[in-house]
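Single-structure report; data block below.
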Amino acid sequence: MNPASPEILEGRLIAQRKVLAEILVRLGRQDPTLLDALEERSVFRDHEEDPGVVEPSPEFAIEAAVADEFRLIVEAVRRQMDQL
């Protein structure tokens, strides 16, 4: 595998998400509102009435991916906090 293969990149992203989740678990214990604030960012709002009408632009796809990543991180943090 070359250094930029999809598998390598995916593995690195997963590792970074896990590290970030661990940091957020520790911070979330000190500030319970932290996860709520992050969770608000996990919903992409484009203010369209019917988002399925037109093909999404690349910018929309990026913003949707950002929101999805926030959701995945918050879910990981909540799972870890529930296990404690």
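All of the numbers you see were taken from the coordinates with simple rules; none came from a lab. In this text the structure is predicted, and so the values were computed from the model without any measurement. With ideal geometry, Cβ positions are generated from the backbone for all residues, glycine too; neighbour counts draw on all protein chains shown.
Summary table below
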{"read-out": "Estimated FRET transfer efficiency when R0 is 22 angstrom, pair Leu13-Ser42 (beta carbons, to 0.05)", "value": "0.85"}
{"read-out": "Surrounding net charge for Arg71, when Lys and Arg each add one and Asp and Glu each subtract one, Cβ distance under 10 Å", "value": "-3"}
{"read-out": "Paramagnetic label zone (point 7 Å from Cα along Cα-to-C-beta, Arg29; backbone N under 18 Å) in segment 68-84", "value": "76-84"}
{"read-out": "Positive minus negative residues near Leu24 (Lys, Arg vs Asp, Glu; Cβ under 15 Å)", "value": "0"}
